[in-house]
1. What accessible surface, in Å², does a 1.4 Å probe find on residue A:222, ignoring ligands, DNA and RNA and rounding to the nearest 10?
2. As a test of reading the structure, rank B:251, B:31 by solvent-accessible area (1.4 Å probe, protein chains only), most first.
3. Ratio of the range A:212-264's C-alpha Rg to 2.2 N^0.38 Å, to two decimals?
4. What FRET efficiency do you get for residue A:340 and residue A:100 if R0 is 41 Å and r is their Cβ-Cβ distance, rounded to the nearest 0.05?
5. Over the range A:6-196, how many percent of alpha carbon pairs lie in each 10 Å bin up to the one with the longest distance?
6. Give me, ordered by chain and number, the residues 5 or more places off residue B:147 or on other chains with an amide H under 5 Å from its own placed amide H.
7. Kindly report, to the nearest 10 Å², the accessible surface of residue B:311 as traced by a 1.4 Å probe over protein heavy atoms only.
8. Rank these residues by their accessible area, most exposed first, probe 1.4 Å: A:110, B:81, B:188.
There are 2 protein chains.
Amino acid sequence: MSATKQRITVIGSGNWGSAIARVCAQNAIKHPDFFEREVRMWVFEEDIDGKKLTDIINEKHENVKYLPGINIGENVVAIPDVREAVKGSNMLVFVLPHQFVYRVCESLKDVIPKENCRAISLIKGLDYKDNNLLIFSEEIEKILGIHCAALSGANIASEVAQEQFGESTIASRVPEDGLLFQRLFHTDYFDINVIADYRGLQVCGALKNIVALGAGICDGLEYGNNTKSAIIRRGLVEMRKFGKSFFGDVHTETFFESCGVADLITTCAGGRNRKVAAAFIKSGRPIEEIEKEMLNGQKLQGTTTSQEVNHFLSARNMTKDFPLMTAIYKVMYENAPPESIALDLRTHKFKD
Amino acid sequence: MSATKQRITVIGSGNWGSAIARVCAQNAIKHPDFFEREVRMWVFEEDIDGKKLTDIINEKHENVKYLPGINIGENVVAIPDVREAVKGSNMLVFVLPHQFVYRVCESLKDVIPKENCRAISLIKGLDYKDNNLLIFSEEIEKILGIHCAALSGANIASEVAQEQFGESTIASRVPEDGLLFQRLFHTDYFDINVIADYRGLQVCGALKNIVALGAGICDGLEYGNNTKSAIIRRGLVEMRKFGKSFFGDVHTETFFESCGVADLITTCAGGRNRKVAAAFIKSGRPIEEIEKEMLNGQKLQGTTTSQEVNHFLSARNMTKDFPLMTAIYKVMYENAPPESIALDLRTHKFKD
């Protein structure tokens with residue numbers, strides 16, 4: 001099919017990065033006409049009991065720190081220098097914590113090929129800057145000057161690594177790139193659909209975490225099924241409205257994909273945003289304390305996004321148009337009574 | 001507003017019928033300009049420890065058999081004769097098991113007013129007849145010659161009776177009837193939206209039970225979140241495709257309502273369809289046996305609908321177009337390996 005074989009680099013090696021490198025490595029072997037066999041993975045070097053993490057990965061084919069117990073493939077090569085890892089690659093898979101994105105991209109500007117090179121973002125969330133919410137794939141495009149697709153779906157990394165059946169969604173503005181990335185990620189157990197709406201996909205990936213806080217508040221209050229499903233549904237409706245209001249061409253169809261309703265359901269059923277919010281309600285203590293205790297000092301995606309979205313909406317005088325997201329923010333950060341999570345959803349018909 | 005006050009009869013007095021009669025009774029008091037204070041409820045007479053169920057309800061204002069512990073309102077009057085209960089009423093709320101619908105409607109033909117009378121169906125499922133699937137509100141319209149709306153949503157009866165916050169959807173072809181029924185059912189804890197797509201609403205209410213069997217099979221196999229959310233998502237997609245393929249004017253918007261995605265989520269999270277299917281997989285015994293044991297001889301809505309939908313699709317040579325519903329049927333009734341629930345969803349891209 002393609003004249004030259006694609007060389008793949010996975011930029012990131014956490015839990016999800018390692019699981020996805022494993023998928024890429026399988027497909028590199030399966031489709032030798034399309035991909036170079038070797039899949040390079042940038043690993044932020046760490047010392048593990050006196051040994052370098054990259055050496056362990058390259059000897060044992062296992063990321064003992066972030067995806068223990070799983071062979072990620074003998075054709076995955078861990079490289080500690082990100083510029084080295086990317087040199088000559090024409091398919092870049094970004095799967096790192098969002099605080100590293102800009103720094104890493106800046107360092108890659110003069111390394112990547114200017115022709116026949118494309119990226120895909122598996123980065124979670126939106127970037128909040130100057131009271132604006134930015135789409136990571138667009139930020140990567142701006143810095144690197146290459147096209148960037150995105151992947152998101154109802155994907156718990158460890159389940160993908162164990163080859164449990166699941167689905168995911170790739171969004172790409174450039175159809176050929178979408179197909180090429182689909183070939184890189186699609187397997188019998190990781191079923192990928194390709195859509196064009198890369199903004200809708202990334203909006204879903206960020207806002208679902210706010211809705212999961214709502215589901216957690218609901219669980220903390222021991223509310224029943226009717227209330228919880230109302231909150232999840234309103235969340236879906238507000239996610240869609242948010243996308244259509246602020247990101248232009250967001251499609252309704254996107255919400256029927258794995259990146260939409262499926263990821264929302266998974267995140268509201270399990271997931272740490274839900275768990276931490278439930279613990280916050282049950283304990284009555286500040287959310288920052290609960291986060292610190294339960295997450296070892298890390299911040300929840302949902303709480304950060306909740307604050308950012310609230311500032312974004314407040315600046316536009318539009319908090320009233322998103323009553324669920326606003327109620328969640330107020331419960332988490334303004335001491336609003338937790339019950340307002342449901343009370344604020346009432347539509348007050350026929351009041352007189 | 002309206003010249004004459006509406007007289008309300010709830011036809012049915014099971015768990016959901018009693019909870020909904022309570023809602024109607026509250027709104028009859030709240031909106032005296034619109035509704036007669038008295039709400040009549042047809043009760044299939046039963047003997048409870050030597051006393052008539054209607055007498056108990058009328059004395060204690062409690063349906064001790066089907067909604068114990070809840071005061072349904074002193075303005076609910078239980079009546080054992082359905083023709084008597086309906087005489088002079090102009091808002092009929094049908095909330096009975098579907099096997100009684102035709103018989104009851106036939107008996108009402110010559111009792112109901114021919115003018116200024118309307119009905120709403122809270123009946124679950126679709127009616128299977130001559131290898132066709134019929135919409136209950138349309139069947140009621142045909143027999144009685146009056147317009148019939150429909151109500152469905154993520155509503156567990158006991159939670160509505162306890163006034164836990166939830167949502168529901170009314171679908172009505174006639175906008176004024178939709179508004180009148182909204183006034184009859186909407187409360188601060190039971191938030192009602194009105195749409196026009198009465199067919200889509202009723203298709204959702206029937207097919208969600210099949211998807212819940214799929215979720216149960218998944219749980220029985222102890223599959224993870226990725227697989228389960230993939231099955232729920234595919235279920236939503238197939239419900240929509242089924243509606244659009246066979247019921248004409250079914251709207252995508254309907255699936256964003258409480259009757260759509262919210263009810264699906266609730267049914268797949270709890271609900272007896274899911275539970276029985278999980279027990280079926282774990283035990284390895286015939287589904288009929290499990291149903292008998294767990295449901296006291298009753299049949300599950302989901303298993304019946306699964307069989308009917310499979311016959312319907314087989315007759316049209318279209319089982320392949322609905323791989324999830326077909327896989328569920330085959331696992332339940334044709335000894336297909338339970339794992340096919342996920343295996344049959346694979347889209348087999350790039351096979352060669």
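1. 130
2. B:251, B:31
3. Rg over 2.2 N^0.38 Å, computed on Cα atoms: 1.26.
4. Working from the Cβ atoms, E equals 0.65.
5. Bin by bin from 0 Å, the calculated values are 10, 39, 39, 12, 1.
6. The answer is B:119.
7. Accessible area of residue B:311: about 80 Å².
8. Result of the area sort, largest leading: A:110, B:81, B:188.
The values are calculated or read from the model by the stated rules, or taken from the named source; none is laboratory data. Given the structure is predicted, the values throughout are model-derived calculations rather than measurements. We place every Cβ from the backbone using ideal geometry, glycine too, and count neighbours over all the protein chains shown. Remember, those area values only see protein heavy atoms, side chains included, never the ligands or the DNA or RNA. Shrake-Rupley method; radii C 1.70, N 1.55, O 1.52, S 1.80 Å.
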